[in-house]
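Asks: I'd like to ask you about the structure that follows.
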Amino acid sequence: ELYLIYVSPLKSLAGDIRENLRRPLDGICQETELMGEGKMPDGLRVAIRTGDTPQKDRQRMVKHPPHILIITPESLYLMLTSRSGQGIVKTAEAVIIDELHALIDTKRGAHLMLSIARLDRLCGRNLQRIGLSATIEPLELSAEYLSPEPVVICAPAMEKKVLIEVVGTTPANGRRKDPVWEELGMAVYQKCLDCRSVIAFSEGRRYAEKLAYYVNLLGGDGFARVHHGSLSKEQRAEVEQDLREGRLRL
């Protein structure tokens, strides 16, 4: 039965989260066997429920619930409104909210907290709530938002070395199609030449696509690839794998 619900606000990262869970979960299974607490033939099962999840996978979940369910806030809400969905999530004991900073001060976040309150009621107990974020502060205020009950804050001291550079582009003379983007593409391409792999963050999907286009004009097709929620899950998985294995430059 289901034990843990892992809420990720970004549908495009659900597959990556499952991949990152694979090694620690395999380790838990091995430790369990070494301690003589029984063999886990199928291991710890992890499933994803987003708008991308095929119907056959959703039906399989009803018959064979996973131990861990990775889900978006919207899909959690939909599961709470259906009888089959309630049958899956009613055995949960804990819920993880990833990237809490992306939800904490939004209507989407308020809607999620309402869903978790409904989940508590469905399960007949207050689930353990775990909030994750690498950038959120103040921590005390975030903890109050996460749970009405007392919260333990785990924040290891970390000294981050941050280098901030403000770089401007100066469009070269001459009649060109899009001089600012050509200069920006050149600046990013030059940065990539000093590194094996680079991740460039853009504030929107359209800008990410445009930047990749201009960088690929210089580096060749496939030098840069985009990753966002409008891509198919197969395309996203391919980009993640290429980046993980060092084949993707940008």
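The values are calculated or read from the model by the stated rules, or taken from the named source; none is laboratory data. Model, not experiment: these values are computed from the prediction. We place every Cβ from the backbone using ideal geometry, glycine too, and count neighbours over all the protein chains shown. Ligands, DNA and RNA are stripped out before the accessible areas are found, and what is left, the full protein with its side chains, is counted by its heavy atoms. Shrake-Rupley method; radii C 1.70, N 1.55, O 1.52, S 1.80 Å.
Asks: How many angstrom separate the Cα center of segment 181-250 from the Cα center of segment 49-106?
Replies: Cα centroid to Cα centroid, the span is 31 Å.
Asks: Which one of Ile199, Ile136, Ile28 has the biggest mean-square fluctuation once the chain is modelled by GNM with Cα springs under 10 Å?
Replies: Maximum among the listed residues: Ile28.
Asks: May I ask you to list the lysines whose Cα is less than 24 Å away from that of Lys177, ignoring any residue fewer than eight positions away on the same chain?
Replies: Leaving aside lysines fewer than 8 places away in the same chain, those within reach of Lys177 are Lys191, Lys210.
Asks: Heavy-atom accessible area of His228 with all protein chains present, probe 1.4 Å, nearest 10 Å²?
Replies: About 20 Å², rounded to the nearest 10.
Asks: For the chain, what is the calculated [θ] at 222 nm in deg cm²/dmol (nearest 500), taking -39500 (n - 2.57) for each run of four or more DSSP H residues and dividing by its residue count? Provide the component values of the computation, followed by the final result.
Replies: Values: 9 runs with 112 residues, N = 250.
So the helix-based figure for the chain works out to -14000 deg cm²/dmol.
Asks: Moving on to the next point. Hydropathy first: keep DSSP H helices in the chain averaging at least -0.5 on Kyte-Doolittle, then drop any whose Cα extent along the axis falls short of 18 Å, and list what survives. Can you show the working numbers first?
Replies: Details: long enough: 14-34 (30 Å, -0.78); 107-123 (24 Å, 0.14); 179-193 (21 Å, 0.24); 205-219 (21 Å, -0.33).
The answer, listed by residue number, is 107-123, 179-193, 205-219.
Asks: Along the Cα→Cβ direction, 7 angstrom out, place labels at Thr169 and Glu209. What is the inter-label distance in nm?
Replies: 1.8 nm
Asks: Could you pull the accessible area for Arg205 with a 1.4 Å probe, rounded to 10 Å²?
Replies: Arg205 exposes around 130 Å² with every protein chain in place.
Asks: Okay, moving on. Loop only per DSSP, at most 13 neighbouring Cβ atoms within 10 Å: give me the GluC sites (Glu not before Pro) in segment 112-179, ordered by residue number.
Replies: Values: sites: Glu140, Glu144, Glu159, Glu165; in loops: Glu159, Glu165.
Of the GluC sites (Glu not before Pro), the ones in loops of segment 112-179 whose Cβ has at most 13 other Cβ atoms within 10 Å are Glu159, Glu165.
Asks: If you take Cα Rg over 2.2 N^0.38 Å from the coordinates, which of (1) 0.98; (2) 1.21; (3) 1.16 do you get?
Replies: Entry (2).
Asks: Quick check: at a probe of 1.4 Å, how many percent of the accessible area of the chain sits on carbon and sulfur atoms? Don't jump to the answer; show the numbers that get you there.
Replies: On the way: 8620 of 16400 Å².
Exposed carbon and sulfur together represent 53 percent of the surface.
Asks: I've got another one for you. Using the Karplus curve 6.51 cos²θ - 1.76 cosθ + 1.60 with θ = phi - 60°, what ³J(HN,Hα) values do you get for each residue of segment 159-166, in whole Hz, with x for Gly and Pro?
Replies: 9, 9, 8, 10, 10, 10, 10, 9
Asks: For the chain, what is the accessible area per residue in Å², given a 1.4 Å probe and the full set of protein chains?
Replies: Numbers: 16400 Å² over 250 residues.
I get 66 Å² per residue for the chain.
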